[in-house]
């Protein structure tokens, strides 16, 4: 390593900023061209659906609404999920608790700061890989990969006057975690228990005044809500948020938060993450007019009965289907959930499955089982207990997403009455290692919103999926002969 390389490594963030900005004249051109590329007028493509009085549903790719991305100044279809979060924070009068895997949006940070300064009790928990301000690097150490991912977005946006340099004032207005630290907003991550961190602190929820809950699949980030900074066509990973009015639900989420928080930052390491938390069984919350939901948290040790886990709850819910199951999933790798779906398919439930393109045809993906296929891994081994369906279905695909965006949903709709939704990917790791939230909502009004989102995605399935799968199968066959 040369001296200049060592110097750049020590000052990784400033160097990376300079390199990114110096090599990103195309980005400045993209910025200047945005206005000319925007349609003269964007209007909703479909009429909005009725919202339930207790559970409001929002999608950042919704065709029923239009908003302007406050960072990239792009007017686009979708619900402004960041505005949903900010409104809940601004309306709080006593407390705001946020447990989010990642947060890099300065408008959310400023809303938390403003609430903190007006006397609201604000607490923030992050996943340790995402808890470092992107503008700060520890001397002599490389910032984690995720810090560089944030850097790629925010170094481009922070250069507001496009002069190729980022000034202290530009940093001060764009680095969300630095803003929060400077304002002394209390914050911990999942190393606060004295460990190196849990599997993942993967929660994505906010509780305000121990009454209002905002939760779903969305990370509180630019790519999670609005779109990638370096890709003007990006509209953000496909995500949902729900705003729920329920003191009973808020109480359970607050109890989960308190387990992780312990006595807060820089005190005793009495926080509890991952498997250090006690077993929390499923909890039912009754809402108005016969609507109800079930809440459960992961993880549960693999030594405990699987039926008692969150994935066990998912399987029991799938087993209630008699007509239709639609899945929109980022990852699907839990064998026993695929086995349950095979039972429901045999009993007559019409099954449609969407999985993100980056995961759908990996060797461990249950999409292969549903299609009656098996694919060896890099070591030419078939996954243990693999069960390709004897009667496969052909309704398993991935949607065509805007450049840079992913299908980040983790939801299922069942018989147009029930929705499974939350932070939990349908995987063994989520079930047994990560801090996760899952809701099973029995409410036809809520289900209608998720059904519309599924139909929107299903109409845009990738036309080259089958060819790509056949190429992968052929390549693995050749390699593993």
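The values are calculated or read from the model by the stated rules, or taken from the named source; none is laboratory data. Just so it is clear, the structure is predicted and the values come from calculations on it, not from any experiment. Here the Cβ positions follow ideal geometry from the backbone for every residue, glycine too, while neighbour counts run over all protein chains shown.
Okay, here's what the table says:
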{"read-out": "Selection from segment 171-187 of residues that are buried (at least 23 other Cβ atoms within 10 Å of the Cβ) and either more than 22 Å from the chain's Cα centre (by Cα) or closer than 30 Å to residue 411 by Cα (or both)", "value": "176, 177"}
{"read-out": "Close pairs from segment 106-119: first outside the structural domain of residue 207 (by TED's automatic domain parsing), partner surrounded by 17 or more Cβ atoms within 10 Å (Cβ to Cβ) and not in a helix (DSSP H, G or I), Cβ under 7 Å, at least 6 apart", "value": "none"}
{"read-out": "Residue that is more than 22 Å from residue 472 (Cβ to Cβ), in contact with a helix residue (DSSP H, G or I) (Cβ under 9 Å, 6 or more places away or on another chain) and buried (at least 21 other Cβ atoms within 10 Å of the Cβ), where the choices are 370, 318, 407", "value": "318"}
{"read-out": "Count of residues meeting criterion [buried (at least 22 other Cβ atoms within 10 Å of the Cβ) and under 20 Å from the mean Cα position of the chain (by Cα)] in segment 124-137", "value": "7"}
{"read-out": "Lone unmet requirement of (1) part of a loop (DSSP other than H, G, I, E, B); (2) buried (at least 22 other Cβ atoms within 10 Å of the Cβ) for residue 325", "value": "(1)"}
{"read-out": "From the options 437, 413, residue that is closer than 28 Å to residue 102 by Cα, under 17 Å from the mean Cα position of the chain (by Cα) and either modelled with pLDDT of 95 or more or part of a loop (DSSP other than H, G, I, E, B) (or both)", "value": "437"}
{"read-out": "Wholly enclosed strands (runs of 3 or more DSSP E) of segment 49-121 bearing at least 2 residues touching a helix residue (DSSP H, G or I) at 6+ places or on another chain (Cβ under 9 Å), buried (at least 21 other Cβ atoms within 10 Å of the Cβ) and modelled with pLDDT of 95 or more", "value": "55-59, 95-100"}
{"read-out": "Considering residues of segment 288-301 that are under 24 Å from the mean Cα position of the chain (by Cα) and part of a loop (DSSP other than H, G, I, E, B) only, the residue surrounded by the fewest Cβ atoms within 10 Å (Cβ to Cβ)", "value": "301"}
{"read-out": "Test for residue 343: is it touching a helix residue (DSSP H, G or I) at 6+ places or on another chain (Cβ under 9 Å), crowded, with 18+ Cβ neighbours inside 10 Å, assigned by TED's automatic domain parsing to the domain that holds residue 441 and modelled with pLDDT of 95 or more", "value": "no"}
{"read-out": "Considering residues of segment 188-204 that are surrounded by fewer than 24 Cβ atoms within 10 Å (Cβ to Cβ) and over 20 Å from the mean Cα position of the chain (by Cα) only, the residue farthest from residue 272 (Cα to Cα)", "value": "196"}
{"read-out": "Residues satisfying the stated conditions in segment 387-404, i.e. over 30 Å from residue 58 (Cα atoms), surrounded by fewer than 18 Cβ atoms within 10 Å (Cβ to Cβ) and touching a helix residue (DSSP H, G or I) at 6+ places or on another chain (Cβ under 8 Å)", "value": "387, 388, 391, 392, 393"}
{"read-out": "Filter result for residue 46 (assigned by TED's automatic domain parsing to the domain that holds residue 241, part of a strand (DSSP E or B) and at pLDDT 95 or above)", "value": "no"}
{"read-out": "Selection from segment 328-340 of residues that are part of a helix (DSSP H, G or I) and in contact with a helix residue (DSSP H, G or I) (Cβ under 8 Å, 6 or more places away or on another chain)", "value": "335, 336, 337, 338, 340"}
{"read-out": "Filter result (in contact with a helix residue (DSSP H, G or I) (Cβ under 6 Å, 6 or more places away or on another chain) and over 14 Å from residue 466 (Cα atoms)) within segment 354-367", "value": "366"}
{"read-out": "Failed item, numbered, when residue 343 is tested on (1) under 22 Å from the mean Cα position of the chain (by Cα); (2) in a helix (DSSP H, G or I)", "value": "(1)"}
{"read-out": "Of residues in segment 454-467 being surrounded by 12 or more Cβ atoms within 10 Å (Cβ to Cβ) and at pLDDT below 90, the one farthest from the chain's Cα centre (by Cα)", "value": "466"}
